[in-house]
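Accompanying notes for the structure given below.
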Amino acid sequence: MGERKGVNKYYPPDFDPAKHGSLNGYRNSHPLRERARKLSQGILIIRFEMPYNIWCDGCKNHIGMGVRYNAEKKKVGNYYTTPIYRFRMKCHLCVNYIEMQTDPATCDYVIVSGAQRKEERWDMADNEQILTTEHSEKEKLETDAMYKLDHGGRDKEKLQAALPSLSELQEMQSTWKDDFQLNSALRRKFRVEKKVMAEEEEKDKVVRKRTGLSIPLLPEREEDKRLAALLTFQSPDSYDDRQQSKRKEISFRSWFRPAGGSQKGAAGSLLQKLALAGKGTPLRAPVPRRRRRASASSARRPITARRRPPPRRPAGTLTPGGHISPSRSPNRKRRRRLRARHDQVRTPPRRTLWKGVNALEPQGLLG
């Protein structure tokens, strides 16, 4: 962003570089402006970020880690050659002031006043981690020979106690020493497993396509196979077997009505008619009636009440129109006699009882 800003500055006519030195000296101002208003007291205003969670003593509210404040920074001492700085800031929820300072010995911040720390520190001793050697102990090891000898004996005891675990770790690391062979074995095993998984997926696809399922299938188990063997979803007899047994039952059944009971249904009525025909009563088959085709004019004709035919009068009587009714024609009587004789001698239908009961089944007569 520097190339977008103007680098030229305005220098007034009375500016003297030897006298003022810079524009800040000419204006009698600090480069940090308001942040350096207490610089004469050794205080600099900085932007301070809360290093951990705390509780404010003034309002008893929680202040989370990372909240930023305008804090007054000043030097209060040294830890050897490292300076110790103190920060004073005002709580954003009340009028209470919080003071914190650095602790170079523990690389941490310490609350001086105005707040309490929420204890979330990691204790290295409780978690069995290696503790750092204190500065005083380091100095003693360098200056006191007897203390160094005693400290060396304790270190050897610790080494003997830790040898079993160290040897176990070394053995575990030796198994992973040859990276190429381990990688090759792992890839070879993965290829075999991938091939088996592909075959199982093909089988599952075939099963899903046959059954119309769209859910993932689990691998088969011996328990599932045993349970599936106990289940049956097929009837014991097929359609042809049921038809054959029904025909046998019909063929061995009596054709005539028993003396104590009555036949029911269309089959019983048909057998009754056949029995009467066998005793000598002629079996008259129904004559199909031919229907008249409805013409376009008759289809449009409205439906009205049927006219009754005029009553017949005896031959030789006088009609209302003044005519004498003729006698009945002998040809009509002759035709009537021939029709009655033809009905008596008419043969029964083609498929009759002597053809067998199976011949009547396609006509729907047995029900």
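The values are calculated or read from the model by the stated rules, or taken from the named source; none is laboratory data. Keep in mind the model is a prediction, meaning the values are calculated, not measured. Glycine also receives a Cβ, built like all others from the backbone with ideal geometry; neighbour counts cover every protein chain displayed. Only protein heavy atoms, including side chains, enter the accessible area calculation; ligands, DNA and RNA are left aside. Shrake-Rupley method; radii C 1.70, N 1.55, O 1.52, S 1.80 Å.
Roll a 1.4 Å probe over the protein heavy atoms and report the accessible area of residue 108 in Å², nearest 10.
Rounded to the nearest 10, the figure is 40 Å².
With θ set to phi - 60°, apply the Karplus curve 6.51 cos²θ - 1.76 cosθ + 1.60 along the range 83-90 and write out the HN-Hα couplings as whole Hz, x wherever there is a Gly or Pro.
Rounded to whole hertz, the list is x, 10, 10, 10, 10, 10, 9, 9.
Would you tell me the accessible area of residue 156, worked out with a 1.4 angstrom probe on the heavy atoms of the protein chains, in Å² to the nearest 10?
Roughly 150 Å² of residue 156 is accessible to a 1.4 Å probe.
Once ligands and nucleic acids are excluded and a 1.4 Å probe is used, how much of residue 157 is accessible, expressed in Å² to the nearest 10?
130 Å²
Sequence-distant or interchain residues sharing an amide H contact under 5 Å with residue 67, placed H: which?
50
Please go through the range 160-191 and write out the trypsin sites (Lys or Arg not before Pro) that DSSP classes as loop and that have at most 15 other C-beta atoms within 10 Å.
Working: sites: 177, 187, 188, 189, 191; in loops: 177.
Filter output for the range 160-191: 177.
Starting at the first residue of the range 139-151, write each ³J(HN,Hα) from the Karplus equation 6.51 cos²θ - 1.76 cosθ + 1.60 with θ = phi - 60°, in whole Hz, x for Gly and Pro.
Each residue's phi maps through the Karplus curve to give 5, 5, 5, 7, 9, 9, 6, 5, 5, 5, 5, 4, 5 Hz.
For the range 11-20, in order, what is each residue's ³J(HN,Hα) by Karplus, 6.51 cos²θ - 1.76 cosθ + 1.60 with θ = phi - 60°, in whole Hz (x at glycine and Pro)?
10, x, x, 8, 6, 10, x, 5, 8, 8
Residues with beta-carbon under 13 Å from that of residue 140, excluding residue 140: net charge, scoring Lys, Arg +1 and Asp, Glu -1? Before the final figure, lay out each step's value.
Values: positive: 138, 148; negative: 134, 137, 139, 142, 144, 150.
The answer is -4.
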